[in-house]
Amino acid sequence: MKEELRDLRFTLNGREVELKVKPKTLLLELLREDLKLTGTRTGCEVSACGACTVNIDGKAARACSILAVQVHGREVVTIEGVADGEKLHPIQEAMVNHGAIECGFCTSGMVMSARALLLENRRPSREEIKKAIQGNLCADSGYMKYVEAIEMAAKAMQGK
Amino acid sequence: MKDFSYAAPKTVKEAISVLAKVKGDGKIMCGGQSMLVLMKQNMLTPEHVVDIKGVSGLNYIRYSEKEGLRIGALATHSAIEKSPIIKKNCPVLAEMEDNLAVVQTRNWGTIGGNVCHGDPAADPPSVFIALNAKYKIMGPHGERLVAAEDFYKDYLEVDLEPDELLCEVQVPTVPANAGVAHDKLMAQKGDMGIVGAAAMVTLHPSTGACEDVRIVLTNVASTPFRARNSEKVLIGKVIDEKLLEEAGKIASEEVNPPSDVHGSEDYRRDMARVFLKRVTAKALEKAKQKK
Amino acid sequence: MEDYKNTYSILGKPVPRVDTRLKVTGQAKYAADYEMGGMLWGKIKRAPYAHARILSIDTSKAERLPGVKGVIVGKEFGGFTWGWQAHTRDESPLAVDKVRYMYEGVAAVAAIDKEIAEEACDLIDVEYQELPAVFDPFEAMKEGAPLVHENRPRNILVEYHWNFGNVDKAFDESYLVREDLFQTPRQAKGYIEPPAVVAWWEHDTLHYIGAKGSPYMLWRILGRAFNLPLNKVRIISPVVGCDFGGTKNDAHALDFTSILLAKKTGRPVKIVYTQWEELTTCLRRHAMWVRVKMGLSKDGMIKGLYTNVVADGGAYARMSPVTMYLTNGQATVPYRIDNFKTDTWNIYTNNPIAAAMRGHGMYHSRYAIDCQLDLMAKELGIDPVEIRHKNSIDNPKPGETYYTVNKLRVATCGIKECIEQTAKLFGWKEYQKRERAGGPIVHGAGIAASAFLSGARLTGHNSCSAIVRINEDGSVNLQTGATDVGMGSDTAMVAIAAEVLGLEMKDVEIKRVDTAYSYPDPGSYGSRVTIYAGEATMKAAEDAKRQLLEAAAKAMNVFPEELDIKNKKVFMKTDETRALPWLDVVREACYASIGNVIVGRGVSKRGTKGFSPKAFATGEGDVGTSYGFAAQINEVEIDTETGVVKCTEKSAMADDCGFPLNPAIVETQCIGGSYHQAISAAIYEEFVMDQGSTLNPNFVDYKRPRAYEAPFPKFAHVITNDPFGPFGVKEASEATTCTGAPAVINAIYDATGVMIKNMPATPEKMWRALKEKKEAEKKNSH
């Protein structure tokens, strides 16, 4: 029973993916090691840093704390699936233009948390933005410009 | 992470049957937000994992005047946090969820998982106990109801047989003259409470005296702590600062809090007092506002 | 103040960084993202003792485990040790005779996957003889205390005793003299990316991809470790996820073991530390006991300063000699101090190693001095902003220089303006008039001012050079040895080259360091990159420009001195209508004769002589080119019943970095450095130790600062145009890092009257201090 691989079928960045996984494989391991999507990062082992944040059915979740098999039948978006080809998502555009990004290691997670927030709430208050990235540790930006960039992205997406 | 056998039942019946088969060596996993952290560090190494995230019929939030609030075990923290039904009929649960960890945890973690983990620092059990909630548990021999406050036996130990499954949390309608509140001591928003408290205060409709009060403290003992002796001081009286201080003091002496990097025993004792007072006062305010 | 934005075409403008597109799309590759064919996973076996002799190591069981391809132990490094100076080479890649700190590496395994490597580590049998240990530097300094290194009596690595002017006389003549003891916590670097490396051998050449901020530092160390000439050590830099001066700026067990395992197995070896390994075994900021004695006149002028600092350096030397110099040597800026004395020690203990960290050294003394200053200001009835302003060094007039009493050279000093701007942006005057609300929640604001060294130049090979190559299609390649660890140096270098060549940012391409092809640079530390690599880049671009203008001059039949380049046009300075497009000039230059390659070369020649050990002994002289200055005010909110302290959004800071090449980058750097490496230690962070064991080696129990509690500082740039940096630049963000903690601690003092002298002000610590204050007041009122 232990070595048994399970069928896993899910949508990843808009494409159907079908493979077999060991149940103990974490979603993060599947993404980084099996599917070679290294944009989702490994930061800590205690589900605290949020560098591994992805979107599952439009909601922010930590890939390090989810068994890969649990995304069966769901829609998963990673950082690689956010931009539209060469065209950056307004969140990405804002973060680049506003000078929020430093070493970039937390950036994937920040983008994914922001994306999920704006999918659900088109007019977030500053407080709601801070709450949405509370689970994303950064070590160099001071967060201020990330929050401001997300505010700018929300406005841009409302057409302002 | 140590390897394990894995089953993903699709119905409650199937889940119970799988659990019965692997009796003793099986662990239920749902959102995994508490379990996986421990399993990744090999602090928890179950032989069998029974993944109930895909079990149908357990993900709902319903309310009726007669039955009160019914929350399926698979309802996520986020669902509870954002539910209009909860906001209307039992807003304290949404307030509690607002401070529960971070959004990533709330999106995937479930109320059932949290409630059954048995961590005395967890928030939902304290609020459910304050609300006089019951847990509906299904097993091979049918279903049984357990009062939330009877469910917690010891640190990470709950009243659940290896072949049983928590299916539903039943919260009776909050009385018209009652107010409920929750708060916890956090250095950063979303922290596990260094200590925490939940309280429901029911006022006499005409005298304004405290008719009934239920106060629960978290992270001050090996299970959620029902501050009965503190409650006794308040019942039948018009609650004021002096009484709250007395009630708080009693609790601070009675509890047996842990000592760790987040707080010493001494500190937690005093914070038990502070949060008992604060949260009971908040619940009292809410009760008064209802009139 | 806004003029700086229009002085140049590109410099001074908040242009987007060159690498952020890669980062925001997830395409950026960090060390852990690299894979090589046939790669093995490495894991280090660590000792469960803080101090123990290694009696025997039996690796046979591990070697027999299927999937294991190689096992190594410390002896196999042939006695190699390394350290920052020749006489401080006290560290081996893996422990050989004894382990000196908890979880020090004793062996390493390479296997076909992570789990087998881990299992193999568990199968290595090590016999230890536990030794008595020392964990407190004061205990360690006593006669008869167990020695961490046999050749270091009383566990003293370095001690300095400096004396400038006459402090005793100064104290005698002071109106108010105070002596206070402050303590700084052991602090993690806090980056999210753990150290990672992929190493392999090819054609007798060592190949290494790893997260390092100073690849050339490692280049030289590895050359010595593996007996290789430098031309056979190839270090390739990936995108690096922050550095802050520690493990990613120096070497650690994973660097050596991956390489030796790769050699032994003939296959690439990858090692990725867990965050646990980072937090238990990697380099941290020193814990220091900083005793300060200061004498003030009645009107608050500083007459004399004495610092007595003991630091816990942990088990190995690393950079500690420099740390103690920077802690005390910089105490004479940003205020005028004519009498200054220091007694300072760095002590070995069996704790994990302490090393450089952003705000290196100054961070500790700044906390003590700037907080003591507020205590004294209170006693004298002088406003904290005013007392700093009046004591501040004046900005020297152009051509003039201010020398501190210990001969630090200050050519530009904008600290007075920084203090003025900060106070203005914060609304300090109005804030003092506020009504103090009743109730358990209180607010307060505090100020701190600091300086920090720019352009550090230490011993050893300090060559810093750059190459600008203009291709025949007009595109430009820029190569320096400087490493961007997230502070934006790549963007700064590109901006400098583009500015000099009259191009746009997108016309210049910079690649990350590859020691096989790029040119040495000492590294990303001591706020030196923009100054030295910037100078080299500027000169390289000027050299290339000169060659182009020579070609253009021929084509236009003028003298090269009559030409300039702007907006991708080469034009006559006296008649702008006579111009040629950039591409035409490039073609002219490149296709002349059989084909030219335009290569501009630049080498940085600036800087001081560099320190010598003598300078550390006397404390006299600089180790850098200039000093950046900053001031900061923060507001805190405190729940006096629970002791919880948090910053509010209300905050202001002003930074004098000479000239902000990119103001957006400077701002984020300053704001971030202050919150993550400083304020975090004032409120949240400390490693809790027990007999050498770290009790909180994870991001749940070791609290890092988060978004919800972040201050949102209003920011002002103060321009001083320093003569010793290209385009007038000095360091940015290390001075602000040094203001973060004292500003918050002073804010707590303002709010509650409690001065926290042993950061962090955790809820319990604050609660205890408030209780003690209340009890003391009760006693006094009787």
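Look through segment B:234-253, keep the residues that are in a helix (DSSP H, G or I) and among the charged types (D, E, K, R), and return whichever of them is surrounded by the most Cβ atoms within 10 Å (Cβ to Cβ). Per the stated criteria, the residue is B:249.
Taken together, the residues in segment C:645-661 that are within 30 Å of residue B:264 (Cβ to Cβ) and crowded, with 24+ Cβ neighbours inside 10 Å amount to 2. Residue check: residue A:85 meets all listed conditions (1) free of Cβ contacts under 8 Å to residues at least 24 places away in the same chain; (2) surrounded by 24 or more Cβ atoms within 10 Å (Cβ to Cβ) but one, namely (2). Pairing residues of segment B:216-229 that are under 14 Å from residue B:128 (Cβ atoms) with residues that are of a type in the set (Asp, Glu) and buried (at least 24 other Cβ atoms within 10 Å of the Cβ), at Cβ distances under 7 Å and at least 6 apart in sequence or on separate chains, gives B:218/B:123.
Suppose the filter is within 13 Å of chain C (Cβ to nearest Cβ) and surrounded by fewer than 21 Cβ atoms within 10 Å (Cβ to Cβ); does residue A:94 pass it? Here the answer is no, as residue A:94 does not meet what is asked.
Output the residues belonging to segment C:503-548 that are crowded, with 21+ Cβ neighbours inside 10 Å, in a loop (DSSP other than H, G, I, E, B) and of a type outside the set (D, E, K, R). Passing the criteria: C:503, C:513, C:515, C:518, C:519, C:522, C:523, C:524, C:525, C:526, C:527.
For segment B:17-34, filtering for residues that are assigned to a loop (DSSP other than H, G, I, E, B) and either within 18 Å of the chain's Cα centre (by Cα) or within 28 Å of residue A:62 (Cβ to Cβ) (or both) leaves 7. Checking each residue in segment C:693-708 for being more than 7 Å from every other protein chain (Cβ to nearest Cβ) and either within 15 Å of residue B:190 (Cβ to Cβ) or not aromatic (Phe, Trp, Tyr) (or both) picks out C:693, C:694, C:697, C:705. Checked against (1) at the interface with chain C (Cβ under 7 Å from one of its Cβ atoms); (2) touching a His at 6+ places or on another chain (Cβ under 8 Å); (3) acidic (Asp, Glu), residue A:148 meets all criteria but (1). Only a single criterion out of (1) in a helix (DSSP H, G or I); (2) touching a residue at least 24 places away in the same chain (Cβ under 8 Å); (3) in contact with a strand residue (DSSP E or B) (Cβ under 9 Å, 6 or more places away or on another chain) is not satisfied by residue C:673, namely (3). Among the residues of segment C:64-74, those that are without any contact (Cβ under 8 Å) to a residue 60 or more places away in the chain and under 19 Å from residue C:253 (Cβ atoms) comprise C:68, C:71, C:73, C:74. The set of residues in segment B:156-175 being in contact (Cβ under 8 Å) with a residue 40 or more places away in the chain and under 14 Å from the mean Cα position of the chain (by Cα) consists of B:158, B:166, B:168, B:169, B:170, B:171. Taking the conditions (1) free of Cβ contacts under 8 Å to residues at least 40 places away in the same chain; (2) more than 21 Å from residue C:22 (Cβ to Cβ); (3) of a type in the set (A, V, I, L, M, F, W, C) in turn, residue A:27 satisfies each one other than (1). There is at least one residue in segment C:706-717 that is assigned to a loop (DSSP other than H, G, I, E, B) and without any contact (Cβ under 8 Å) to a residue 24 or more places away in the chain. Within segment C:75-85, is there a residue that is touching a strand residue (DSSP E or B) at 6+ places or on another chain (Cβ under 7 Å), in the same structural domain as residue C:45 (by TED's automatic domain parsing) and touching a residue at least 24 places away in the same chain (Cβ under 8 Å)? Within segment C:75-85 (the criterion being touching a strand residue (DSSP E or B) at 6+ places or on another chain (Cβ under 7 Å), in the same structural domain as residue C:45 (by TED's automatic domain parsing) and touching a residue at least 24 places away in the same chain (Cβ under 8 Å)), the answer is yes, since at least one residue qualifies.
Figure legend. Inter-residue proximity from segment C:311-331: first residues on the phi > 0 side of the Ramachandran plot, second residues assigned to a helix (DSSP H, G or I) and of a type in the set (S, T, N, Q), beta-carbon distance below 9 Å, spacing 6+ or different chains. Indicated pairs: C:314/C:320; C:318/C:88. Checked against the criterion of being within 14 Å of another protein chain (Cβ to nearest Cβ), surrounded by 21 or more Cβ atoms within 10 Å (Cβ to Cβ) and under 31 Å from the mean Cα position of the chain (by Cα), the candidates C:47, C:28 yield just one match: C:28. Taken together, the residues in segment A:61-83 that are within 11 Å of chain C (Cβ to nearest Cβ) and charged (D, E, K, R) amount to 1. The residue pairs whose first member lies in segment C:759-782 and is of a type in the set (S, T, N, Q), whose second member is surrounded by 13 or more Cβ atoms within 10 Å (Cβ to Cβ), and whose beta carbons are closer than 8 Å, counting only pairs six or more residues apart or on different chains, are C:762/B:187; C:762/C:643; C:762/C:683; C:762/C:684; C:762/C:686. The residues of segment C:637-692 that are at the interface with another protein chain (Cβ under 10 Å from one of its Cβ atoms) and of a type in the set (S, T, N, Q), listed by number, are C:642, C:651, C:662, C:668, C:669, C:674, C:677, C:680.
Pairing residues of segment A:123-137 that are within 8 Å of chain B (Cβ to nearest Cβ) and within 17 Å of residue C:648 (Cβ to Cβ) with residues that are among the hydrophobic types (A, V, I, L, M, F, W, C) and in a loop (DSSP other than H, G, I, E, B), at Cβ distances under 7 Å and at least 6 apart in sequence or on separate chains, gives A:134/B:102.
Tallying residues that are over 16 Å from residue A:145 (Cβ atoms) and either part of a loop (DSSP other than H, G, I, E, B) or within 14 Å of chain A (Cβ to nearest Cβ) (or both) within segment C:718-742 yields 14.
Would you confirm whether any residue within segment C:56-78 is within 15 Å of residue C:315 (Cα to Cα), outside any strand (DSSP E or B) and not hydrophobic (A, V, I, L, M, F, W, C)? The answer is no; no qualifying residue exists.
Pairs meeting the criteria (first residue in segment B:85-98 and within 14 Å of chain A (Cβ to nearest Cβ), second residue among the hydrophobic types (A, V, I, L, M, F, W, C), beta carbons under 6 Å, at least 6 apart or on different chains) are B:94/B:86; B:97/B:80.
I'd like to check something: does segment C:33-55 contain any residue that is outside any strand (DSSP E or B) and without any contact (Cβ under 8 Å) to a residue 24 or more places away in the chain? So far as segment C:33-55 goes, no, none of its residues is outside any strand (DSSP E or B) and without any contact (Cβ under 8 Å) to a residue 24 or more places away in the chain. Quick check: is even one residue across segment C:232-245 more than 14 Å from chain A (Cβ to nearest Cβ) and within 22 Å of residue C:92 (Cβ to Cβ)? Yes, segment C:232-245 contains at least one residue that is more than 14 Å from chain A (Cβ to nearest Cβ) and within 22 Å of residue C:92 (Cβ to Cβ).
Can you pull out every residue in segment C:126-175 that is part of a strand (DSSP E or B) and either within 31 Å of the chain's Cα centre (by Cα) or surrounded by 19 or more Cβ atoms within 10 Å (Cβ to Cβ) (or both)? Residues satisfying the conditions are C:126, C:156, C:157, C:158, C:159, C:160, C:161, C:162, C:163, C:164. The test for being closer than 30 Å to residue C:412 by Cα and either modelled with pLDDT of 95 or more or within 26 Å of the chain's Cα centre (by Cα) (or both) does not hold for residue C:637.
The values are calculated or read from the model by the stated rules, or taken from the named source; none is laboratory data. Since this is a predicted model, take the numbers as computed values, not measurements. Positions of Cβ are generated from backbone atoms using ideal geometry, with glycine treated the same way; all protein chains shown enter the neighbour counts.
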